[in-house]
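The values are calculated or read from the model by the stated rules, or taken from the named source; none is laboratory data. Note that the coordinates shown come from a computational prediction; the quantities given were computed from them, not determined experimentally. Ideal geometry is used to build each Cβ from the backbone, glycine not excepted, and the neighbour counts take in all protein chains shown. These area figures cover heavy atoms from the full protein model, side chains too; ligands, DNA and RNA do not enter into them. Shrake-Rupley method; radii C 1.70, N 1.55, O 1.52, S 1.80 Å.
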Amino acid sequence: MKRLLKTLTAAGVVAAAVASFSTAQSAEIVIGQMTDRTGITANVGNPMGDAVQDYVALVNSKGGVEGHTIRVIEIDNQYKVPPAVEGYQRFKSEGAVLVGLFGTPVTQALTADLAKDQIPGTSPGFGTAASADGEHYPYLFPAAASYWSQAGGAVEFARQRLGGDLKGKKIAYLFFDNPAGREGLPVIRKLAEMEGFELQEFPVPSPGIEMDNQARDIARRFRADFVITHLFGRAPSVSMQALRRAGYPLEQVVSFVWGQSEA
């Protein structure tokens, strides 16, 4: 019911905004899009940004939304909060009725502004997991599994790989040491307590291009039975190379969403 109410709230906001165009001089629907074209997550941001532009072009080629053309204002926030906050002010000044966010730190920084300005924002596959509760976050919309859900899914996958019982097993959590990487920690810690496995956390500082020390600790000192990683940008490929060099079997590793892509 909470999800339904949240969807209906957003639909009402956007529908009202679209209806207002009927009497306005401009026939455009303005959407603000944050995309990391450069910076440490550009390998994720570029294909995602291209997808947004391609889909909007497709919708516009078919007449737009109720006859209104969509215009996307894109900014490159480089996975940094200050340019994202500045970009949000630009979106608002140009009448954006929806903001596509990029990055958990950015999402957390702008959540209160979205609610105050009553502008819906989307956080696909990242952001604040608690925002699934639409009564408390009426203007923030997580698309796809949250980091809490991904943490639970990763632990369940490890259970299946380790014979159906995690009691007494050792699981390493290799994560980017920022708000995104730390978002899944409460769930994994609670599951360790409930399931009886030993959890050890291995934070990776930005930009995540060196983790041989963490990989050696995981493979040789901790001797993990399974590894859960939550990395992004270039870091997922770096982690696979480091774990391989340390002699750790990659079939005993599962990644959160940003560890899987063509890049």
Open item on the list: If I stretch the segment between GLN160 and VAL81 completely, what's the gain in nm (0.36 nm per residue apart, minus their alpha carbon distance), one decimal?
Closed with: 24.6 nm
- [ ] Along Cα→Cβ, 7 Å out, is where each label goes; now give me the distance between the ones at ARG244 and GLU193 in nm to one decimal.
- [x] 3.9
Task: Estimated translational D of the chain in µm²/s (Stokes, Kirkwood radius over Cα pairs; 10 °C; 1.306 mPa s) - done: 80
- [ ] Would you mind pulling out the separation of the Cα centroids of the stretch 66-128 and the stretch 200-232, in Å?
- [x] 32
Task: DSSP loop GluC sites (Glu not before Pro) with at most 15 other Cβ within 10 Å: longest gap in the chain - done: 136-209
Open item on the list: If I model a spin label as a point 7 Å beyond the Cα along the Cα-Cβ vector, how far apart are those points for SER206 and GLN260 in nm?
Closed with: 2.7
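Per DSSP helix of 4 or more residues, -39500 (n - 2.57); summed, then divided by the residues of the chain. What does that give at 222 nm, rounded to the nearest 500?
-13500 deg cm²/dmol
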Open item on the list: In 5 Å bins starting at zero, report the fraction of Cα pairs in the stretch 29-143 per bin as a rounded %.
Closed with: 2, 13, 22, 24, 20, 13, 5, 1
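Please check the chain for the longest run free of trypsin sites (Lys or Arg not before Pro) that are loop-located per DSSP (anything but H, G, I, E, B) and have at most 13 other Cβ atoms within 10 Å. Walk me through the intermediate numbers first.
Details: sites that count: LYS62, LYS167, ARG223.
Longest stretch, sites excluded: 63-166.
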TODO: Order SER237, SER149, SER93, SER131, most accessible first, counting only protein heavy atoms with a 1.4 angstrom probe.
DONE: SER93, SER149, SER237, SER131
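Want the number for VAL59 to ALA130: 0.36 nm per residue separation, take away the alpha-carbon distance, what's left?
Answer, rounded to one decimal: 22.4 nm.
Calculate, in nm to one decimal, what LYS170 and ASP113 gain on full extension: separation in residues at 0.36 nm each, minus their alpha carbon distance.
Values: separation 57, 0.36 × 57 = 20.52 nm, distance 4.16 nm.
Extra length from LYS170 to ASP113 when fully extended: 16.4 nm.
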